[in-house]
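For reference, the structure is listed below as structure tokens.
Values in this text are rule-based calculations from the coordinates and carry no lab data. From a predicted model like this one, the values you see are computed outputs, not experimental measurements. Quick reminder, even Gly has a Cβ in these numbers, built from the backbone with ideal geometry, and neighbours come from all protein chains shown.
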Amino acid sequence: MSFKNLNLIEPVMKALTAEGYTIPTPIQQQAIPYVLEGRDLQGCAQTGTGKTAAFAIPIIQLLDQQKQFKAGIKVLVLTPTRELAIQINESFAAYGKYTNLRHTVIFGGVSQLHQTNALRRGVDVLVATPGRLLDLINQGFIDLRQLNIFVLDEADRMLDMGFIHDVKRVIERLPARRQTLFFSATMPPEIQKLAKSLLTNPAKVEVTPPTSTVDKIEQSLYHTNKSDKPDLLLHLLNEKRVRTALVFTRTKHGADKVVKFLLRSNVKAAAIHGNKSQNARQNALNDFKNGHLKVLVATDIAARGIDIDELTHVFNYDLPDVPETYIHRIGRTGRAGHDGIAIAFCDVDERTELRDIERLISFRIPVIEKHPYLPIPGAVPQKKVPVQRGRNMQRRKMTA
Ligand code: AMP
């Protein structure tokens, strides 16, 4: 199937050609016709599947076709993080560049002046994170009475990040008559309840992360000692002539430690995690995308949703407790047809996590037997406090 089969208007087709898109991704094939029909939608998909375009393209088309509409915000896209908000706004800019669409993005952690100025000039599509949105609504800068489409993006992550009450407060302010597009990677009970309360006779679309993506990624595993991980990372960055690497650590503190070590070793690196200011995170991301940084060290929550084209290497410096996270992490590389390389470190205390990951992916990650930082023979795991796996576990990790 090509985009030509989706009955898209000429200005949108032209923008897609400019972006180099010819074939809609599965979520786009499924979702675009429903959204164009005006149906509510429940989409089970995560970042990387093309879900932003799946809602942005038909929204742009619907707005373009309503030639005579009243001034005011017609579309609200609510998303959990600043990084995602910026990316979504950029997508509206890219796909809507041959239409008269006016759009802007608001998020917290920065001065509101620039944002309120943009709002005063008038926008059709507002992309927002929940806290800043409520703040500006309460200050009287935002009027949602003209709204006719509401997009809730990454609903499960809103829950994980503790934003669900803010989201509900925003929903209370929306006009009852509207089209709602609801996206979530997973559907835990609370999110199912929210979806039910928001959607009317929704069309349901679902895509799983393409396993073929994971198949295309060259995976390898290094057994090592916890204390040798920094040296092993440095060794591999040099030995493999790594151009760009995203390194995942378990904790924010761990991420900072790795960055300090790399900087001391003259490797340009920065960390992104929840303790960093929004500006610091965005700067680090921009520097990484521009090639000024070689290594970005991240915790899962900060990195989820970040889209970096041509990322060559992903390091699982620490193995994740939730096995699915491994797939999400390594899916960051090997995008858009590029080959990806995913390297995992496993110390003696992480053997259980490794076993769970391999069980999930039904694949034994090839072990690199020869390297300078092999584990001490006979090392035994330290006793760990047993943790309950599943949702609670994930929520605990999400604070990292
Ligand atoms: P998303 O899941 O919305 O974060 O999109 C993931 C990436 O896929 C982004 O870099 C998009 O620019 C890209 N993308 C989305 N749709 C298409 C498409 N139909 N063809 C090629 N690339 C796409």
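Can you tell me how much longer the chain between ASN7 and SER111 gets when fully stretched, taken as 0.36 nm per residue apart minus their C-alpha distance, in nm with one decimal? Numbers along the way, then the final one.
Values: separation 104, 0.36 × 104 = 37.44 nm, distance 4.10 nm.
Fully extending the segment from ASN7 to SER111 adds 33.3 nm.
Return the tail of the calculated pair distribution for the chain, meaning the percent of Cα-Cα pairs more than 42 Å apart.
Across the chain, Cα pairs with separations above 42 Å total 15 percent.
Among LYS229/LYS289; LYS4/LYS204; LYS97/LYS276; LYS260/LYS289, which pairs are too far apart, with a Cα-Cα distance over 27 Å?
Distance filter (> 27 Å) returns LYS97/LYS276.
If we sort 182-189, 225-232, 139-146 on the protection proxy, mean other Cβ atoms within 10 Å, highest first, what's the order?
Details: 182-189: 19.0, 225-232: 17.0, 139-146: 14.0.
The most tightly packed comes first, giving 182-189, 225-232, 139-146.
Starting from 0.36 nm per residue, how many nanometres of slack lie between THR200 and ALA379 once their C-alpha separation is accounted for? It would help to have the intermediate numbers written out before the result.
Working: separation 179, 0.36 × 179 = 64.44 nm, distance 5.73 nm.
Extending this stretch completely gives an extra 58.7 nm.
Can you bin segment 217-397 into rounded, prolate or oblate? Criterion: square roots of the alpha carbon gyration tensor eigenvalues sorted a ≥ b ≥ c, rounded for a/c under 1.5, prolate for a/b above b/c, oblate for the rest.
Details: a/c = 1.39, a/b = 1.25, b/c = 1.11.
Rounded.
Compute the angle between helix 278-290 and the longest alpha-carbon principal axis of the chain, please, reported from 0 to 90 degrees and rounded to the nearest 10.
The angle comes out at about 70 degrees.
Sort 14-27, 44-57, 357-370 by packing, meaning the average of other beta carbons within 10 Å per residue, with the highest value first. If you can, show how the numbers build up before the last one.
Values: 14-27: 15.5, 44-57: 23.8, 357-370: 12.7.
The densest-packed peptide leads the list: 44-57, 14-27, 357-370.
For segment 132-164 and segment 357-371, compute the distance between their C-alpha centroids and round to whole Å.
Comparing the Cα centres of segment 132-164 and segment 357-371, I get a distance of 42 Å.
Please compute the modelled spin-label separation between ASP143 and SER227, points set 7 Å along Cα→Cβ, answer in nm with one decimal.
6.7
Cα centroid distance between segment 12-55 and segment 69-126, in Å?
Between the Cα centre of segment 12-55 and that of segment 69-126, the gap is 19 Å.
Compute the long axis of helix 26-37 from its Cα atoms, compare it with the longest principal axis of the Cα atoms of the chain, and write down the angle in degrees, 0 to 90, nearest 10.
Orientation of helix 26-37: about 20 degrees from the principal axis.
Build a GNM of the chain with springs between Cα atoms under 10 Å: which of ALA270, ALA303, ALA176 gets the top mean-square fluctuation?
ALA176
Please list the non-local residues whose amide H lies under 5 Å from the amide H of GLY72, H modeled 1.01 Å from N, same-chain partners needing a gap of 5 or more.
VAL123
By the gyration tensor of its Cα atoms, with a ≥ b ≥ c the square roots of the eigenvalues, what is the shape of segment 337-378: rounded for a/c under 1.5, prolate for a/b over b/c, or oblate?
Numbers: a/c = 2.56, a/b = 1.28, b/c = 1.99.
Oblate, since a/c reaches 1.5 and b/c is not below a/b.
Angle between the Cα long axis of helix 351-361 and the longest principal axis of the chain, 0 to 90 degrees, nearest 10?
50
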